[in-house]
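Q: One structure is given below, represented as structure tokens, and several questions about it will come after.
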Amino acid sequence: MSHNYDVIIIGSGPAGFSCAMQSSKFDKKALVVESHKDYLGGTWINTGTVPSKALREAAKTILEFNDQFGDHENKKPYERFRMADLLQYKQEILEKENRKVKNDLIKNEVDVARGFGKLVDEHTVEVETHFGSTETYTAEYILVCTGSNPVQPKEFEIDNDKILDYKSILELTHIPRRLTVIGSGVNAIEYATTFAALGTRVTVLADSEDYLTFLDHEIKEQLEQHFNDKGINIKTDVAIQDVEFNALRNHTEVKFNKKSGDQRLQVLETEHVLFLGGRKPNIDGLNLKAAQIETDDNNFIVTDDSFKTNTDSIYAAGDVIGFPRLASASFSQGRLAACNMFGIPALEVPDQIPYGIYAIPEISNIGLTEKQAKEMGMDVTVGRAYFENIAKADMTNHTNGILKLVFNSNNFKLLGVHIFGDEAANLIHLGQSVMAYDGDIRYFINHVMNYPTLSEAYRIAAFNGVNRVYKAGVKYKNILEDQEQ
Ligand SMILES: Cc1cc2nc3c(=O)[nH]c(=O)nc-3n(C[C@H](O)[C@H](O)[C@H](O)COP(=O)(O)OP(=O)(O)OC[C@H]3O[C@@H](n4cnc5c(N)ncnc54)[C@H](O)[C@@H]3O)c2cc1C
Ligand SMILES: NC(=O)c1ccc[n+]([C@@H]2O[C@H](COP(=O)([O-])OP(=O)(O)OC[C@H]3O[C@@H](n4cnc5c(N)ncnc54)[C@H](O)[C@@H]3O)[C@@H](O)[C@H]2O)c1
């Protein structure tokens, strides 16, 4: 049977975009269906990764300026900088990234259908356009990559004025003096530090006993120290009872209690509340049952390692299939889905992927934490470098940071890298490459690296680790010679 397209891709986020591009490079005819009226790029470009990071970069610049040159007018950033300028900066970047996606699709002859897509059967997608008409398309394969949307709070309502969510925080008209963030995921920590950088007094309320539990314990300690220094107050194990704007007192009240210990009701007065309580897959209205697509208990679409669902012609990728729900991973998943559909050999997404938290400063990690490695019975040693000992960090005034290497004490194989500090999300890739090629930490000693750079932290941490194994420095020569043989 002949179809209109080789592949129909429902959703134009990173998973859909990369599947479309890879399919087109394979000379396959692709159609992207996107329900957003104006923009391509999904959460990635419009409400998630790109705008939140653009806002963060603007806040970081303001912080750096204040830290480096002082606050001579004795004013807080929220009194000196206009949120409108920050928002305009974010908007310009968002528009720029949107144009790139649009142009790339045009250049690669990928068709785009604007409207809400739903499955009719294993090869057919119906698109309801914004004008109320319906178009039907068929393809040999379909990729479902519809992303995710915010979970709504149970205890109160988002009014998008005083009580904000993922989207409305990006439209805030002024820098608040006080902000309460509800949630304790990556997003909550990123926004908490972004607004703290702008001079906002931030409180984070987390429903769990702990947060960011995947971090190495020393990185977490650094983060908590940083929260103390910046006056960011984190309350864990909290049950929210209500959030309400009090017009008489002109502030927003958050009523909550601790889940254990003293459970008396507490009231927090704040200017704005930002609810970041997690996200759920976009499957409503997709009519997955028309193609008997299986979902798990949390409504994420189930796929195998090739991103194929239980129906042979239908693949799924990105947030809609669950963990790790990152733009970074979604790009790879979408591309690999295209390779697998069209029988082009490709490597799988490696087990070890880096995680980047764009707090100010950044946090990034890959591989085993020190505790995990020890729990697995491995003989491990760690090497540390503190940014205060790195010349580049002095020059850029970013001396608050640590890079920690976790490695096998017997053969120096690198098992994990954990960084807290400026450019951590970028720096991690050097460690990632060494790990991917099964390398050991002597790489960082034996290779000449540009100077001054923050990458010097790898060299210092490697020396520190080797020292620790050999206790005294006298055995360096042997170690380095061993490796050359
Ligand atoms: C605030 C925030 C910050 C983030 N920061 C980062 C970060 O720094 N790094 C990182 O790696 N990840 C980050 N993420 C996560 C990242 O944005 C997502 O993992 C990624 O966008 C998921 O990509 P996707 O392709 O699955 O879906 P999306 O990007 O969500 O795109 C899905 C698209 O499908 C469309 N769609 C949905 N249903 C239909 C339908 N039925 N018909 C047609 N179209 C439909 C939607 O309109 C949307 O455009 C962040 C997320 C948020 C919320
Ligand atoms: N740098 C990055 O890579 C990056 C940045 C931001 C977001 N993301 C991704 O976007 C997605 C969403 O991230 P997120 O951090 O918003 O969500 P999340 O699901 O990671 O975390 C939400 C947290 O909020 C808590 N929570 C939920 N309801 C609550 C309530 N009523 N009171 C107090 N706490 C409550 C939950 O226990 C959970 O810990 C994730 O997939 C994340 O990985 C990635």
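The values are calculated or read from the model by the stated rules, or taken from the named source; none is laboratory data. Note that this is a predicted model, so its numbers are computed, not measured. For neighbour counting, all protein chains shown are included, and Cβ atoms are generated from backbone atoms with ideal geometry for every residue, glycine included.
Q: Quick one: is Leu172 in contact with a strand residue (DSSP E or B) (Cβ under 9 Å, 6 or more places away or on another chain) and at pLDDT below 95?
A: Answer is yes for this residue.
Q: Now for a separate question. With respect to Lys280, is the statement that it is within 22 Å of Asp210 (Cα to Cα), free of Cβ contacts under 8 Å to residues at least 60 places away in the same chain and surrounded by 13 or more Cβ atoms within 10 Å (Cβ to Cβ) true?
A: So Lys280 fails the test.
Q: Another question, if that's okay. Give the residues of the range 157-188 that are within 15 Å of ligand 1 (Cβ to nearest atom) and without any contact (Cβ under 8 Å) to a residue 24 or more places away in the chain, sorted by residue number.
A: Ser168
Q: Return yes when Glu57 is modelled with pLDDT of 95 or more and farther than 27 Å from Pro281 by Cα and no when it is not.
A: In short, yes.
Q: Condition test on Arg442, is it modelled with pLDDT of 95 or more, within 25 Å of Asp379 (Cβ to Cβ) and among the basic types (Lys, Arg)?
A: The answer is yes for Arg442.
Q: Another one. Which of the residues spanning the range 189-204 are in contact (Cβ under 8 Å) with a residue 60 or more places away in the chain and not polar (S, T, N, Q)?
A: Ile189, Glu190, Tyr191, Ala192, Phe195, Ala196, Ala197, Leu198, Gly199
Q: Of all residues in the range 176-219, which are touching a Ser or Thr at 6+ places or on another chain (Cβ under 6 Å) and more than 23 Å from Leu326 (Cα to Cα)?
A: Pro176, Arg178, Leu179, Thr180, Thr203, Glu209 - these are the residues of the range 176-219 that are touching a Ser or Thr at 6+ places or on another chain (Cβ under 6 Å) and more than 23 Å from Leu326 (Cα to Cα).
Conditions tested, residue by residue: (1) outside the structural domain of Asp304 (by TED's automatic domain parsing); (2) within 16 Å of ligand 2 (Cβ to nearest atom).
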| position | (1), (2) |
| --- | --- |
| Thr124 | no, no |
| Thr134 | no, no |
| Thr138 | no, no |
| Tyr141 | no, no |
| Leu172 | yes, no |
| Arg177 | yes, no |
| Asn187 | yes, yes |
| Ala192 | yes, yes |
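Q: May I pose another question? Tally time: how many residues in the range 1-29 are closer than 21 Å to Thr129 by Cα and buried (at least 19 other Cβ atoms within 10 Å of the Cβ)?
A: Total satisfying the criteria: 11.
Condition check ((1) more than 14 Å from ligand 2 (Cβ to nearest atom); (2) β-branched (Val, Ile, Thr); (3) within 29 Å of Thr396 (Cα to Cα)) across all residues:
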| position | (1), (2), (3) |
| --- | --- |
| Lys29 | yes, no, no |
| Glu34 | yes, no, no |
| Pro51 | no, no, yes |
| Glu64 | yes, no, yes |
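Q: Considering only residues of the range 189-209 that are within 16 Å of ligand 1 (Cβ to nearest atom) and under 26 Å from Phe300 (Cβ atoms), which is nearest to the chain's Cα centre (by Cα)?
A: Restricting to residues being within 16 Å of ligand 1 (Cβ to nearest atom) and under 26 Å from Phe300 (Cβ atoms), the top hit is Glu190.
Q: Within the range 280-308, count every residue that is among the basic types (Lys, Arg) and in contact with a helix residue (DSSP H, G or I) (Cβ under 8 Å, 6 or more places away or on another chain).
A: 1
Q: Please count how many residues of the range 12-56 are more than 8 Å from ligand 1 (Cβ to nearest atom), within 18 Å of the chain's Cα centre (by Cα) and of a type in the set (D, E, K, R).
A: Total satisfying the criteria: 1.
Q: Does at least one position in the range 58-75 carry a residue that is within 16 Å of ligand 1 (Cβ to nearest atom) and among the basic types (Lys, Arg)?
A: Among the residues of the range 58-75, at least one is within 16 Å of ligand 1 (Cβ to nearest atom) and among the basic types (Lys, Arg), which makes the answer yes.
Q: Look at Ile219 and say whether it is crowded, with 20+ Cβ neighbours inside 10 Å and modelled with pLDDT of 95 or more.
A: Considered against the rule, which asks whether it is crowded, with 20+ Cβ neighbours inside 10 Å and modelled with pLDDT of 95 or more, Ile219 comes out as yes.
Q: Assess whether Thr138 counts as being away from ligand 1 (no atom under 13 Å from the Cβ), part of a strand (DSSP E or B), buried (at least 20 other Cβ atoms within 10 Å of the Cβ) and of a type outside the set (Asp, Glu).
A: When the stated conditions are applied, Thr138 does not pass them.
Q: Determine if the range 229-240 includes at least one residue that is surrounded by fewer than 19 Cβ atoms within 10 Å (Cβ to Cβ), outside the structural domain of Gly48 (by TED's automatic domain parsing), over 30 Å from Gly13 (Cβ atoms) and hydroxyl-bearing (Ser, Thr, Tyr).
A: yes
Q: Right, another one. Restricting attention to the range 390-430, which residues are of a type in the set (Asp, Glu) and over 19 Å from the mean Cα position of the chain (by Cα)?
A: Asp394
Q: Okay, next question. Of the numbered conditions (1) closer than 22 Å to Met21 by Cα; (2) not in a strand (DSSP E or B), Val112 satisfies every one except a single condition; which is it?
A: Going through the list (1) closer than 22 Å to Met21 by Cα; (2) not in a strand (DSSP E or B), Val112 breaks only (2).
Q: Against the conditions (1) without any contact (Cβ under 8 Å) to a residue 12 or more places away in the chain; (2) crowded, with 19+ Cβ neighbours inside 10 Å, where does Ser330 fall short? Just the number, please.
A: (1)
Q: Check whether at least one residue in the range 351-363 is among the acidic types (Asp, Glu), at pLDDT below 95 and outside the structural domain of Pro14 (by TED's automatic domain parsing), and report yes or no.
A: yes
Q: I would also like to ask the following. How do the strands (runs of 3 or more DSSP E) wholly within the range 275-394 filter down when requiring 3 or more residues that are within 16 Å of ligand 2 (Cβ to nearest atom) and of a type outside the set (S, T, N, Q): which remain?
A: 279-281, 355-357
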